[in-house]
1. In the stretch 39-65, which residues have a backbone nitrogen under 12 Å from the label point lying 7 Å from HIS23's Cα in the Cα-to-Cβ direction?
2. Scaled to the compact-protein estimate 2.2 N^0.38 Å, what is the alpha-carbon radius of gyration of the stretch 15-101, rounded to two decimal places?
3. Give me the 1.4 Å probe accessible area per residue for the chain, excluding ligands and nucleic acids, in Å².
4. So what J values fall out for the stretch 44-50 if you push phi through Karplus, 6.51 cos²θ - 1.76 cosθ + 1.60 with θ = phi - 60°, rounded to Hz, Gly and Pro as x?
5. Compute the long axis of helix 19-37 from its Cα atoms, compare it with the longest principal axis of the Cα atoms of the chain, and write down the angle in degrees, 0 to 90, nearest 10.
Amino acid sequence: MPTYETLPRFTADLDRLTPEQRHRFRKTVAAFVEDLRTGGRFRAGLRVKRVQRARGIYELTWSMGTGPAGRATWEYGPEHRPGTPHVIWRRIGTHDILTGP
C-alpha cells in the first residue's frame, strides 16, 4: 500500500470542497492507489500528467459533477518503506490551483 502525506495547503483546499466533491475525490484516489500498487501505470481516466513549468509535480483530474473538473496536484516523496511509492498531496480544487501547484 503506497504511503502519503498532505501539505497544509492541500488540507485547507480540501476543507473548501463540498461533501460531494470530497466523495468524488476519494473514489478517484481509490483508483489512483490501485494503479500505484500495480506498477504505477495510471489508467487513462485519471488523466495523470506533469504540471507544466513545475518540475516533479503531477496533476490528477476527475469530474466533480456540475461545474469545472476537479484537480489535485502531487509529487513523489522519499519512500518510507523500501519499494513502496510515497505521494505528497500538494493542492486540490479546480484548474485555479495550477497557478501555485
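The values are calculated or read from the model by the stated rules, or taken from the named source; none is laboratory data. None of these values were measured; they are calculated from a predicted model. Here Cβ is always computed from backbone atoms with ideal geometry, including for glycine, and neighbour counts include all displayed protein chains. Only protein heavy atoms, including side chains, enter the accessible area calculation; ligands, DNA and RNA are left aside. Shrake-Rupley method; radii C 1.70, N 1.55, O 1.52, S 1.80 Å.
1. Label zone hits: 65.
2. Computed over Cα atoms of the stretch 15-101, the ratio equals 1.08.
3. Numbers: 6260 Å² over 101 residues.
Value returned for the chain: 62 Å² of accessible area per residue.
4. Karplus values, whole Hz, x for Gly and Pro: 4, x, 7, 6, 7, 7, 6.
5. 20
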